[in-house]
Amino acid sequence: MTTLLFGAMFLATLLTFLRYVSGQQAAVQPESLKVLKRSRRAPIANLDAACPDVCKCRMENARLVVDCRRRKLSEVPSFAGLRNETIYRIFLDGNRITDLHSKQFAGLNINGIQIADNPLMEIADDAFAGLESSLVFLSLRGTRLIDLPSAALAPLSNLEILDMSRVDPLMIIEENAFLGLTSLEELNLKGIRLIDVHDNAFTGLDSLDVLKMEDCGMTFFPKAINKLTSLRRIHLDQNKIDEMPDATFSLLPELEIITLSGNRLLDGDQYLPANAFMGLNKLYKLDLSLNEFRHVPRRAINGLKKLNTLMLNSNLLTQLHDESFTGLDSLKVLHLEGNEVVLTDEVLEDIRDTLEVLHIGRAGLTWANFPHDVLRNLTKLVELDLQGNEFRHIPADAFSGLTAKTISLMYCNIERAEPFAFRGLPNGPLKIKLNWNKITNVSFVHDPCSFSRIELFRNPVHCDCRFRSMAAYNHIEMVGACASPPEVGPIELNEYLISTQESCPSFLDDKESFPAKESLPAKDPKSRSARRSGPGPLSCDWYRYSDAGHDLPEHARFSSASTATLSCLALTIVSLLHTARHLVAL
């Protein structure tokens, strides 16, 4: 009772606060509207007349966008009618433009130009003259430049994003290629078939945060990267790098994300030195997936105290050393899928109290070798991904004692799940992913109150009376479609639960405490909440106890009701707080 009184007092205080906020909002609203009116930009007079004939001009979020994509243009059209406007983006993708002339955009105020997927081969040294202070985004993706247009780019001191991905036949990045781009924050060189990168290629990029060099066919680690001392993210995936230089990233102390997926790295210090990641005290994510490691490169990764996510999936791992994850004090996400590894308590000992997400799909697991006891010792586990293993069926209490609230069992050839398959997990809300299996019914839902989402996409679900009983629980989101009986036809599970008028005896109907259906308020038939045709919010607490075969003690009944009432109160408070924020914002 004390809890309820406290909740009521808090709610009353909150309502008083809302009245005050409403009064304040009413008092300042006229002046706020004046500010908005003053700051609103005047609309462009006759935008269609000012726009080039071959393009379409439109306003997006009060910003002018000029769309000239796929117009079979052989040259950049004239934008003379827009000289007095600030152009947010000009899109020239998918045309036949081969060159950018001298002072091509002179007299214009442009924030971004995208001229991707054109046979562009020549860019005049002063092509971007006049855009030195305004241009912040430039995309030359998929063009046919032989050399980087360094002279044309150099004056663009405010450029923040440069996309040069898939430029072909560009193969060499010369010295000082990006000199002058002092504000550049993101450089995309993905898909360029590089054979050489000068050691001083990135000189002057003092503000660069993100470097993308995926799928460049590189067999080497470019030394030029060591000059990028402000770099926070580097992507070197899908190359052919088979060894990293000594102290590879030691000169890049700001690095937070490194992705080296899809290279040819092997075991041994000669391929990945023990000091490769030395000094990276801010490293948050490391992706070493799709390489050729047979053992976790523990000498290289041990000691990365800030590492949150480690991806070792799809290597050749079989045995894990007991000290594989020693020193990874902050590790929360671990990907080991695609490796037939054996997990032991000793292997996971150093991360048992930090690990929250574990991926061990496609690991050759069956129930015979499922590491149940090991997983039960992971005290913070909230998500377990087991997709692609060979389980066929899910026995009762398969995950009992685990703390995970999201479990993925997709692509496991599961034909059936026992009625108490997911018993023993935390008391909801569970999210179970069973897509792409052979499951026909939902008999595994031992306690509907424990589930919030059940995914059954691409399963031959039979929508019978047992399934129809799920309509009583509108909080469960069902994903998938009915495959049978024929008269039901192909229909989404959620839609079936809302629309069907089939008369079915509920498997809960024999419970004396089950609320009367007629006592419930009418629902909009199009709403997902219209599925509720039986129990109300309190029935979940009732069902959890009564299904276990126990009478609910007096103090437990009160606790259950209090919990439900406080849940409703919490939702009300959140809604009111949202309203308060909205009023203050106005």
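Conditions (1) assigned to a loop (DSSP other than H, G, I, E, B); (2) under 26 Å from Leu283 (Cβ atoms); (3) hydrophobic (A, V, I, L, M, F, W, C), marked per residue:
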| position | (1), (2), (3) |
| --- | --- |
| Pro169 | yes, no, no |
| Asn176 | yes, no, no |
| Leu179 | yes, no, yes |
| Gly204 | yes, yes, no |
| Thr219 | yes, yes, no |
| Thr229 | yes, yes, no |
| Met244 | yes, yes, yes |
If you take the residues in the stretch 358-381 that are surrounded by 18 or more Cβ atoms within 10 Å (Cβ to Cβ) and of a type in the set (A, V, I, L, M), which one is farthest from Thr318 (Cα to Cα)? Leu381
So which residues in the stretch 119-132 are touching a Leu at 6+ places or on another chain (Cβ under 9 Å), part of a loop (DSSP other than H, G, I, E, B) and surrounded by fewer than 21 Cβ atoms within 10 Å (Cβ to Cβ), if there are any at all? Met121, Ala124, Gly130, Glu132
Within the stretch 420-439, the count of residues that are under 16 Å from Leu456 (Cβ atoms) and either charged (D, E, K, R) or without any contact (Cβ under 8 Å) to a residue 40 or more places away in the chain (or both) comes to 11
I'm checking my understanding of the structure. Among residues of the stretch 133-154 that are of a type in the set (S, T, N, Q) and not in a loop (DSSP other than H, G, I, E, B), which one is surrounded by the most Cβ atoms within 10 Å (Cβ to Cβ)? Ser139
Filter the stretch 181-202 down to the residues that are assigned to a loop (DSSP other than H, G, I, E, B) and over 14 Å from Phe137 (Cα atoms) and list them by number. Leu189, Lys190, Gly191, Ile192, Arg193, Leu194, Ile195, His198, Asp199, Asn200, Ala201, Phe202
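The rows are residues; the columns are (1) among the hydrophobic types (A, V, I, L, M, F, W, C); (2) more than 24 Å from the chain's Cα centre (by Cα); (3) surrounded by 15 or more Cβ atoms within 10 Å (Cβ to Cβ); (4) part of a loop (DSSP other than H, G, I, E, B).
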{"position": "Asn315", "(1), (2), (3), (4)": "no, no, yes, yes"}
{"position": "Asp322", "(1), (2), (3), (4)": "no, yes, no, yes"}
{"position": "Leu328", "(1), (2), (3), (4)": "yes, no, yes, yes"}
{"position": "Leu331", "(1), (2), (3), (4)": "yes, no, yes, yes"}
{"position": "Thr354", "(1), (2), (3), (4)": "no, no, yes, yes"}
Within the stretch 367-375, does at least one residue satisfy the condition of being among the small types (Gly, Ala, Ser) and in contact with a Lys or Arg (Cβ under 8 Å, 6 or more places away or on another chain)? no
Suppose we filter Leu307, Leu272, Leu290 for residues that are hydrophobic (A, V, I, L, M, F, W, C) and farther than 22 Å from Arg232 by Cβ; which single one remains? Leu290
Index of the failed condition, Leu307 passing every other in (1) touching a residue at least 12 places away in the same chain (Cβ under 8 Å); (2) surrounded by fewer than 18 Cβ atoms within 10 Å (Cβ to Cβ); (3) part of a loop (DSSP other than H, G, I, E, B): (2)
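Among what's in the stretch 472-487 and is surrounded by fewer than 17 Cβ atoms within 10 Å (Cβ to Cβ) and either of a type outside the set (S, T, N, Q) or modelled with pLDDT under 90 (or both), pick the residue that is nearest to His462 (Cα to Cα). Please lay out each step first, then the result.
Kept after step one, since they are surrounded by fewer than 17 Cβ atoms within 10 Å (Cβ to Cβ), are these residues of the stretch 472-487: 477, 479, 484-487.
Then drop every residue that is not either of a type outside the set (S, T, N, Q) or modelled with pLDDT under 90 (or both), which leaves 477, 479, 485-487.
Details: Glu477: 17, Val479: 14, Pro485: 6, Pro486: 10, Glu487: 11 Å.
In this case the residue turns out to be Pro485.
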Look at Pro426 and say whether it is closer than 19 Å to Tyr473 by Cβ and either modelled with pLDDT of 95 or more or surrounded by fewer than 22 Cβ atoms within 10 Å (Cβ to Cβ) (or both). yes
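Within the stretch 369-377, is even one residue under 22 Å from Lys332 (Cα atoms), among the aliphatic types (A, V, I, L, M) and touching a helix residue (DSSP H, G or I) at 6+ places or on another chain (Cβ under 8 Å)?
yes
Does the stretch 391-403 hold any residues that are surrounded by fewer than 21 Cβ atoms within 10 Å (Cβ to Cβ) and within 27 Å of the chain's Cα centre (by Cα), and which are they?
If we filter the stretch 391-403 for residues that are surrounded by fewer than 21 Cβ atoms within 10 Å (Cβ to Cβ), which is where we start, we get 391-393, 395-397, 400-403.
Result: Leu402, Thr403.
Is it true that some residue in the stretch 93-115 is in contact with a helix residue (DSSP H, G or I) (Cβ under 6 Å, 6 or more places away or on another chain), aliphatic (A, V, I, L, M) and either more than 20 Å from Pro155 (Cα to Cα) or surrounded by fewer than 21 Cβ atoms within 10 Å (Cβ to Cβ) (or both)?
no
The values are calculated or read from the model by the stated rules, or taken from the named source; none is laboratory data. On a predicted model such as this, the values are computed, not experimentally measured, just so you know. A quick note on method: Cβ atoms are made from the backbone with ideal geometry, for glycine too, and the neighbour counts reach across all protein chains shown.
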